[in-house]
1. Could you tell me the relative contact order of the stretch A:1-100? Use alpha-carbon pairs under 8 Å, at least six residues apart, and round to a whole percent.
2. For B:19, B:55, what's the fewest-to-most ordering of other Cβ within 10 Å of each Cβ?
3. Compute the Cα gyration tensor for the stretch A:1-100, then decide on rounded, prolate or oblate, letting a ≥ b ≥ c be the square roots of its eigenvalues: rounded whenever a/c is under 1.5, prolate when a/b is larger than b/c in the other cases, and oblate in all that remain.
4. Just counting partner chain Cβ atoms within 10 Å, what average do the residues of peptide A:154-165 show around their Cβ?
5. Shielding by partners for A:16-22, please: the mean number of other protein chain Cβ atoms within 10 Å of each residue's Cβ.
6. Let a ≥ b ≥ c be the square roots of the eigenvalues of the Cα gyration tensor of the stretch B:2-61; is it rounded (a/c under 1.5), or, if not, prolate (a/b larger than b/c) or oblate?
7. Could you compute the FRET efficiency for residue B:312 and residue B:292, with r as their C-beta to C-beta distance and R0 at 30 Å, rounded to 0.05?
8. Where does each of B:10, A:67 land when they are ranked from fewest to most other beta-carbon atoms within 10 angstrom?
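Here, each number is a calculation from the coordinates, and none is a lab measurement. Quantities reported herein were computed from a predicted structural model and do not represent experimental measurements. Virtual Cβ from ideal backbone geometry, glycine too; neighbours counted across all protein chains shown.
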């Protein structure tokens with residue numbers, strides 16, 4: 001069953017058809033929200049809210065890119081959550097424990113422990129620098145460099161112009177470069193800028 | 001338009017960096033790409049910056065794809081095909097709104113009628129005072145007229161009676177006892193009848209509030225009239241007891257109808273006090289309409305309230 005048929009059935013109240021769409025796009029939505037928010041539990045909550053909100057607003061979907069429409073709802077939820085967190089910053093104890101007890105090298109078995117450690121260090125540096133970016137620049141960077149959306153799709157998802165996408169992405173990459181240069185001594189030579 | 005201005009005022013270095021990003025992301029056309037590559041070949045700093053950004057981009061793309069911690073499918077029991085909403089759930093907000101509206105309208109109408117009723121009551125008080133004053137004036141005028149007329153009639157009739165008595169004194173020859181008995185029998189019933197008639201007549205003509213006033217006035221007039229002819233007859237009588245008895249009888253039979261006529265004529269002759277125009281122009285029809293409206297609104301409010309409570313219980 002193709003996506004258009006599933007959407008039409010979901011509009012008519014077929015929850016099974018909508019759940020098919022959820023299963024198709026839940027990883028995309030979760031990854032974007034996780035990269036934007038940086039907190040797994042918050043990303044999980046926002047992802048669930050995104051699919052609920054999308055189901056309730058399904059009649060407003062007039063066709064086009066359904067994934068971009070879902071991600072627009074997700075990024076808007078992320079904006080709302082970031083505004084809330086700026087007012088009341090909080091860190092979950094579960095999140096800290098989870099990060100310390102679940103290092104990446106324990107999950108991957110392809111590389112040697114040394115290479116895994118190098119990659120982990122680089123990933124940590126990237127994540128730290130990504131989290132240091134302003135919210136609007138981080139969202140554009142995640143959508144462009146992590147999720148590999150085109151400029152046009154990003155402009156559609158976050159409802160800004162193409163020029164705004166270009167300028168935000170340019171500033172974000174410049175800041176990321178500056179940020180990663182601070183980690184130069186910590187990174188292996190092949191990762192040094 | 002603002003986008004065009006922003007692009008126009010953007011520094012050349014920034015434009016070059018954005019073009020480099022577009023080159024990295026494959027967003028340039030073939031012509032733009034060729035132009036940028038020609039420019040890039042002559043600029044080593046730009047080449048270094050491009051290499052740095054390419055490395056950052058690749059590192060970002062190598063970030064692991066995160067697995068979802070759980071499925072985000074929606075629960076069929078909660079978000080399943082929405083059943084048709086029962087009528088009670090649909091009607092409850094409507095009924096609630098209608099009840100509130102009815103309550104507001106009722107309070108408004110009730111308050112307005114209270115305000116308007118207060119104003120009308122004050123006007124009615126002033127009108128009733130004026131009405132009482134006019135009634136008093138009319139009663140006094142009627143009493144004066146009745147007294148004057150009765151005095152004139154009594155004087156003229158007393159004179160006539162005295163003349164007749166004097167002329168007829170010689171031929172009458174009866175015992176004094178018979179005459180006295182006859183006089184008593186003849187005198188009392190007509191008086192009683194006359195008083196009853198006068199009372200009845202006055203009661204029919206005079207308004208209830210003025211009944212006492214007119215009764216008093218009629219009684220006073222009656223007493224004056226009944227006394228004055230007798231006194232005139234007694235003064236003018238010089239004959240025997242038979243003559244006196246006859247005179248009393250005649251006087252009594254004549255005086256009483258006169259008094260009755262006079263007493264009944266006075267209220268009739270006096271124009272009945274018309275109700276003041278203020279009372280007639282009082283908004284009595286409007287008040288009744290307002291009261292009907294209030295009752296209707298109250299019933300409507302109670303009906304809507306009952307339906308609202310019922311639908312609320314039904315909808316849970």
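1. Values: 61 pairs, mean separation 25.4, N = 100.
About 25 percent, as a whole number.
2. Numbers: B:19 21, B:55 17.
Exposure proxy ranking, most exposed first: B:55, B:19.
3. Working: a/c = 2.79, a/b = 2.07, b/c = 1.35.
Since a/c reaches 1.5 and a/b is larger than b/c, the shape of the stretch A:1-100 is classed as prolate.
4. Numbers: counts 0, 0, 0, 0, 0, 0, 0, 3, 2, 7, 2, 2.
Mean shielding count: 1.
5. Working: counts 5, 0, 3, 7, 1, 1, 4.
Shielding by partners across A:16-22 averages 3.
6. prolate
7. Values: r = 30 Å, r/R0 = 1.01.
Step by step, r from the Cβ atoms, then E = 0.50.
8. Values: B:10 14, A:67 18.
Sorted ascending by nearby Cβ count, the order is B:10, A:67.
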